[in-house]
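Working notes, structure below.
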Amino acid sequence: MPARHHRTVDRTVAIMEVASRASAGVSLAELATRLQAPKSSIQELTNGLLATGYLVERDRRFLLGPGAFVLSLHTAGLPLRQVTHEELERAHQRVGHSLFVGARVGDDQVFVDQAGEDVLMDFVSSTHPRRPLLTTATGKIILAYIPSAERNELLGRIEHEQPELVSTFLDEFGEIRSTQLALNDASTVPGRYAVATPLIDPEGNFLAAICAVGGAELADRLPAVGATLREAVAAWKFSRRRSRAPSSVAR
């Protein structure tokens, strides 16, 4: 059965994502405003999340509870465990631009780690944590390297509403795979240029997309910076512990 969005699930996930980014917690009214939903509906969802430990409440403000962390600890063979911050920092020193790690979450990509400071991108990733796969450099890398069956199913769903984006990606697909680079010329975030490359482990499993981001100084240097980024990521040092459930790169 093909994946499709469900309003209740979308709202539940959004509540947890907002709570995870609010260091002082988030109120019921703030959640209702952010999600553009009735307070009564949000109240029912937060009550359920409190009861199951996915939220905690302090002074009438909600924070992410321990439930989500327990699930993460119990996940076997999570590929992103090999995407260490230390290696990201080494790559950042070599590339000389802020680096972000992009991972797929449903039909979107999110940044799960970064090296280097970029005030604008920090703001964008905190206020709009989910970005469509087809509109970002990291998203295009993810799409190009997930198994073909997953890619075709996702593109088939998106094509009904955004045929132009799907067509553009398919036109770029061959070059993305041959160069291992995807570019974004400030079309997603004004004033921010990006180039992304895949992180692939020694067994050939795609783990994440690593993206270099910069301002106007990067506009005419995306291919060159991309080549340096690709070399830096290729030098990534992995732990010898192999993932229990690898996801091989789509051929």
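As an exercise, use a Förster radius of 35 Å and the Cβ-Cβ distance of A235 and R157 to find the FRET efficiency, rounded to the nearest 0.05.
Details: r = 37 Å, r/R0 = 1.05.
That gives a FRET efficiency of 0.45.
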Practice item. Send over a whole-number figure in Å² for the accessible area per residue of the chain, probe 1.4 Å. Key: 55
Review point. In whole percent, how big is the carbon plus sulfur part of the accessible area of the chain, probe 1.4 Å, protein atoms only?
Key: 52
Check your understanding: For segment 88-238, what is the charge dipole size about the Cα centre, in debye to the nearest 20, if Lys and Arg each add +1 at the Cβ and Asp and Glu each add -1 at the Cβ?
Key -> 300
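With n ≥ 4 as the cut-off for DSSP H runs, can you work out [θ] at 222 nm for the chain, using -39500 (n - 2.57) per run divided by the number of residues, rounded to the nearest 500?
Numbers: 10 runs with 115 residues, N = 251.
-14000 deg cm²/dmol, from helical runs alone.
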Exercise for review: Calculate, in whole percent, how much of the Cα-Cα pair population of the chain lies beyond 26 Å.
Suggested key: 45
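The values are calculated or read from the model by the stated rules, or taken from the named source; none is laboratory data. Remember, predicted model here, so these are calculated numbers, not experimental data. Glycine gets a Cβ as well: all are built from the backbone with ideal geometry, and neighbour counts include every protein chain shown. When the accessible area is computed, the model is the full protein with side chains, heavy atoms only, and any ligands, DNA or RNA have been set aside. Shrake-Rupley method; radii C 1.70, N 1.55, O 1.52, S 1.80 Å.
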